[in-house]
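Some notes on the structure that comes next.
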Amino acid sequence: MQNKTLIFSKVFRFVLLIVIGVLLSITLISYGVPRSLVFILIIVLYLAISILKPLHIIYKSKSIKTLDRYVTLNNKRPIFNYSYALGHGNDQDIEDSLKRIVNVYSQDSMRPIYSANLAIHQNKPNEVLEFVEQISESDYKYYYSGISFAMRKQYDKAEEFSKKTRTPWMNHGLKAFIFKEKKEYEGFKKEAALSISNAVGMQRYVMHHMMRRMEIEAFPDMIKGSSK
């Protein structure tokens, strides 16, 4: 059913683009605009809709609903399949999607980051640190190092890395993870919210669902209590 909905959505958007293009062409030509210029304008419009809009969604959007629609439409692609699994799948779906990314992008600079995510998902803190050595960007190094130490209950060490992390969503995300491991609900909720609010685009979508999963995993009783 979902696949049929996606196909219909893509076909509808394609047909809508054609209709808009035809109507715009007829209107411009009726006003005496040269056909060559009309053609260029239509191409520019198509590129704007086809390229600029997706780029805005991926890197700038703050709407979880907009991001979810985009992720759902593109969930067959490895990167978006991981995001889709976080939002709609189970633990096995998430693990499979991360393994797929690691295999497909074996030479990519982002591979150790997704490998670290896989090790976190599999609860293997020592492996997380092994992949940290392969990460070149310093904030990512601090972020994943802090998570690894928090997983091993070495909270003082984890907090040292949180102080070094300058990227806001990483800084608050790491603090939220530490509070999650400590089972401190109020601290977790505060930092989780700050992590999400400081992220944009796909990172916002990932943090939103990651924090939701952490909350369900670590604080099931608190969630049940708030739903009564």
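The table below gives the values:
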| item | result |
| --- | --- |
| Set Lys60/Lys190; Lys62/Lys190; Lys53/Lys163; Lys157/Lys190; Lys65/Lys157; Lys60/Lys180 screened for pairs whose C-alpha atoms are more than 26 Å apart | Lys53/Lys163; Lys65/Lys157; Lys60/Lys180 |
| 0 to 90° range, to nearest 10: angle between helix 2-30 axis and the chain longest Cα axis | 40 degrees |
| Most mobile of Gly21, Gly89, Gly146 in a GNM of the chain (Cα contacts under 10 Å) | Gly21 |
| Amide proton proximity set for Ser61, modelled H, under 5 Å, gap of 5+ | Gly201 |
| Relative contact order computed over the chain (Cα-Cα under 8 Å; 6+ residues apart), in percent | 15 percent |
| Partners for Lys153 among aspartates and glutamates (Cα-Cα distance below 16 Å; same-chain residues under 8 apart left out) | Glu127, Glu181, Glu184 |
| Degrees between helix 91-104 axis and first principal axis of the chain (Cα, 0 to 90, nearest 10) | 70 degrees |
| 3J(HN,Hα) from dihedral phi, the range 77-88, Karplus parametrisation 6.51/-1.76/1.60, rounded to Hz, x for glycine, proline | 7, x, 4, 6, 5, 5, 4, 5, 4, 4, x, 10 |
| Relative contact order (%) - criterion: Cα under 8 Å, at least six apart; region: the range 69-129 | 22 percent |
| Cα-projected label distance for Ile64 with Val22, points at 7 Å along beta-carbon direction, nm | 4.0 nm |
| Cβ charges +1 (Lys, Arg) and -1 (Asp, Glu), total dipole of the range 17-105, debye | 320 debye |
| Cα-projected label distance for Ile223 with Asp156, points at 7 Å along beta-carbon direction, nm | 3.4 nm |
| Listed residues Met211, Met110, Met151, most fluctuating in the chain (Gaussian network, C-alpha, under 10 Å) | Met110 |
| Per residue, in Å², the accessible surface of the chain once ligands and nucleic acids are set aside, probe 1.4 Å | 59 Å² |
| Whole-angstrom gap from the range 23-98 to the range 197-211, using each part's C-alpha centre | 19 Å |
| Degrees, to the nearest 10: 185-197 long Cα axis against longest axis of the chain | 30 degrees |
| Selection from Tyr114, Tyr140, Gly87, by position along the positive dipole direction of the chain (Cβ) | Gly87 |
| Reach of Lys182 by Cα under 17 Å, taken over aspartates and glutamates that are not fewer than 8 positions away in the same chain | Asp156, Glu159, Glu160, Glu191, Glu215, Glu217, Asp221 |
| Cα-centred dipole magnitude for the chain, charges only on beta-carbon of K, R (+1) and D, E (-1), debye, nearest 20 | 720 debye |
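The values are calculated or read from the model by the stated rules, or taken from the named source; none is laboratory data. Just so you know, these numbers come straight off a predicted model, no measurement behind them. Reconstructed Cβ throughout: ideal geometry from the backbone, glycine too, with neighbour counts over all protein chains shown. Quick note on the areas: whole protein, heavy atoms, side chains included, nothing else; ligands and nucleic acids left out. Shrake-Rupley method; radii C 1.70, N 1.55, O 1.52, S 1.80 Å.
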